[in-house]
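Values quoted throughout were computed directly from the atomic coordinates according to the rules given, and no laboratory measurement underlies them. Being a predicted model, the structure only gives us computed values, none of them experimental. Quick reminder, even Gly has a Cβ in these numbers, built from the backbone with ideal geometry, and neighbours come from all protein chains shown.
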Amino acid sequence: MSSASSAATPVADSTRRRVAIVHGPNLNLLGSREPEKYGRVTLTEIDERLRAMGAAREVDVECIQLNGEGELVTWIQQAGPHVDGFVINPAAYTHTSVAIRDALLATGKPFVEVHLTNVYAREPFRHHSFLSDVALGRVMGFGALSYDLGLTGLLDRLG
Ligand code: DQA
């Protein structure tokens, strides 16, 4: 799998560590979507930086963005056996999706939940996460840097 915007086939096996970066709905619009909240950095730029961070540590970083809940569940199921962990911004599904929580748990792999914004400084319906109690950690409020911090934390834990 490769690009941030296509529905991709999960990664192939290899001896290198592999981490999946999973972006949920509407994050394909980063750069133009409510830039006062989400900034001007595009998803492509975020993914490029994360891949570079991984390459510096000899870790394969695979990035995917999907808008559909079912698509995300299917992709996580298929990627699970082939990756060592996930960094996920489930976007709006953070606040609604038992299915994505269950899919991540079913993989048995650790995951870090990230958000560009501080969801606690926003509407009350964004304060609940279906993932945070089962996540390795949660990073929010630092814009695109939240992803870097999340990946750093996951790689540190993976060793
Ligand atoms: C978000 C926060 C969510 O509440 C929202 O639905 C998003 C993005 C963030 O990264 O700040 O789409 O996950």
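Candidates Leu151, Ala79, Thr15 compared by Cα position along the dipole of the chain: farthest toward the positive end lies Leu151, with charges placed on Cβ.
Loop-located GluC sites (Glu not before Pro) across the stretch 54-136 with a Cβ neighbour count of 16 or fewer within 10 Å are Glu58, with loop assigned by DSSP.
Residue exposure proxy: Val22, Val98, ordered by other Cβ atoms within 10 angstrom of their Cβ from fewest to most, comes out as Val98, Val22. Relative to the Cα centre, the charge distribution of the stretch 11-117, modelled as +1 at Lys and Arg Cβ and -1 at Asp and Glu Cβ, gives a dipole magnitude of about 200 debye. With a/c under 1.5 counting as rounded, go ahead and sort the stretch 61-159 into rounded, prolate or oblate using the C-alpha gyration tensor (a ≥ b ≥ c being the square roots of the eigenvalues; past the cut-off, prolate if a/b is larger than b/c, else oblate). Because a/c hits 1.5 or more and a/b fails to exceed b/c, the stretch 61-159 counts as oblate. Under 1.5 on a/c is rounded, so check that first for the stretch 19-104, then, if it is not, pick prolate when a/b is larger than b/c and oblate when it is not; a ≥ b ≥ c are the square roots of the alpha carbon gyration tensor eigenvalues. Since a/c reaches 1.5 but b/c is at least a/b, the shape of the stretch 19-104 is classed as oblate.
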